[in-house]
1. Can you spot a residue in the range 124-140 that is modelled with pLDDT under 95, surrounded by 20 or more Cβ atoms within 10 Å (Cβ to Cβ), among the charged types (D, E, K, R) and not in a helix (DSSP H, G or I)?
2. Hey, residue 147 hits all of (1) under 20 Å from the mean Cα position of the chain (by Cα); (2) of a type outside the set (Lys, Arg); (3) not in a strand (DSSP E or B) but one; which does it fall short on?
3. Restricting attention to the range 253-270, does a residue exist that is surrounded by fewer than 19 Cβ atoms within 10 Å (Cβ to Cβ), aliphatic (A, V, I, L, M) and in contact with a Gly (Cβ under 7 Å, 6 or more places away or on another chain)?
4. For the range 187-206, does any single residue satisfy the condition of being of a type in the set (S, T, N, Q) and under 19 Å from residue 243 (Cβ atoms)?
5. Among the residues of the range 226-236, is any surrounded by 12 or more Cβ atoms within 10 Å (Cβ to Cβ), out of contact with any helix residue (DSSP H, G or I) (no Cβ under 8 Å at 6 or more places or on another chain) and over 30 Å from residue 168 (Cα atoms)?
6. Name the pairs whose Cβ atoms lie under 8 Å apart, with the first residue in the range 258-269 and among the polar types (S, T, N, Q), the second at pLDDT below 95, and 6 or more positions between them or separate chains?
7. Run residue 216 past the list (1) in contact with a Cys (Cβ under 9 Å, 6 or more places away or on another chain); (2) at pLDDT below 95; (3) hydrophobic (A, V, I, L, M, F, W, C) and report the number of the one that doesn't hold.
8. Within the range 73-87, how many residues turn out to be touching a strand residue (DSSP E or B) at 6+ places or on another chain (Cβ under 8 Å), crowded, with 24+ Cβ neighbours inside 10 Å and either in a strand (DSSP E or B) or aliphatic (A, V, I, L, M) (or both)?
Amino acid sequence: MKRPAHPHKPFRKPAPAPGAPGKPTHWDNVSDWYDRLVGDEGSEYHQQVVLPGVLRMLQRNETRKDEVPLRILDLACGQGVLCRQLAQRGHSVVGVDASTGLIEAAKKREAQERLGITYHMADATKLHEPAQNSEFRVQNSEFDVVTIVLAIQNITPLSPVWQGCRELLKPGGVLILVMMHPCFRVPKAADWHWDDATRTQSRLVKQYLTSAKVEIDLHPGQAAAGKATEKTLTFHRPLQAYVNTLGNAGLLIDHIEEWPSHKTSQEGPRKKEIDRARKEIPMFLAVRAKRV
């Protein structure tokens with residue numbers, strides 16, 4: 001689970017040329033750092049917002065009783081944070097990621113905990129090409145649920161991902177997708193803005209409709225100090241790009257949730273207004289799409 005507190009969650013193997021079409025970004029270069037950051041239970045965003053939200057989205061499936069175990073594929077699973085949560089609740093879980101380091105970390109935890117999770121190396125853009133995924137051998141229409149959590153904005157292109165998900169889902173099965181909110185969290189093109197005249201906090205968005213490939217410093221403090229730091233890529237897309245490509249792949253969105261940050265500000269004259277804005281402008285977008 002699919003990463004940092006800034007928190008984009010990509011996945012990779014081996015490290016390709018950055019931004020090459022159909023290739024994951026180069027997270028194998030920083031898998032050790034990411035594993036230390038997220039740890040066994042996930043970052044604070046995972047624990048406070050994302051994991052509870054995903055579990056709540058799972059329970060929205062009105063066609064089943066909650067006690068019935070599901071067959072779930074966690075795509076871009078990282079070191080398996082979500083996988084472990086799901087397995088502990090009795091579900092049958094498969095985790096897939098393209099980062100050698102993160103899959104090895106997930107397998108080490110499974111060897112210790114023995115939750116029955118299986119992990120495989122695979123490229124999310126080539127799930128419909130079995131020859132490209134030598135470790136990933138499953139049947140079409142095998143899964144009740146596919147999850148992609150905090151990863152899709154580090155994967156390109158979208159359409160092959162959705163096509164692969166549809167083929168792996170049972171009829172009526174669902175994809176649960178969680179991402180940084182593309183309307184308000186545009187990399188390097190959106191930020192908080194404080195207006196002294198009105199004493200209000202707002203979100204300033206300088207670019208939205210234009211898709212963009214953006215290089216991100218994983219240690220911005222080091223970069224600001226002139227030190228070398230690892231970089232990765234994220235891909236901004238407007239909301240219509242997700243909705244339309246999902247629909248074209250036969251995945252119908254039937255539920256959306258927008259999740260704000262759990263954080264609160266330190267005491268001070270701006271605290272009340274900053275906390276209001278933080279709760280009003282969501283940080284994450286969660287989408288549930290059904291195979292039709």
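1. Within the range 124-140 (the criterion being modelled with pLDDT under 95, surrounded by 20 or more Cβ atoms within 10 Å (Cβ to Cβ), among the charged types (D, E, K, R) and not in a helix (DSSP H, G or I)), the answer is no, since none of the residues qualifies.
2. Against the list (1) under 20 Å from the mean Cα position of the chain (by Cα); (2) of a type outside the set (Lys, Arg); (3) not in a strand (DSSP E or B), residue 147 comes up short only on (3).
3. no
4. no
5. Checking the range 226-236: at least one residue is surrounded by 12 or more Cβ atoms within 10 Å (Cβ to Cβ), out of contact with any helix residue (DSSP H, G or I) (no Cβ under 8 Å at 6 or more places or on another chain) and over 30 Å from residue 168 (Cα atoms).
6. Close Cβ pairs satisfying both conditions: 261/45.
7. Here residue 216 clears every test but (1).
8. The qualifying residues number 6.
The values are calculated or read from the model by the stated rules, or taken from the named source; none is laboratory data. Remember, predicted model here, so these are calculated numbers, not experimental data. We place every Cβ from the backbone using ideal geometry, glycine too, and count neighbours over all the protein chains shown.
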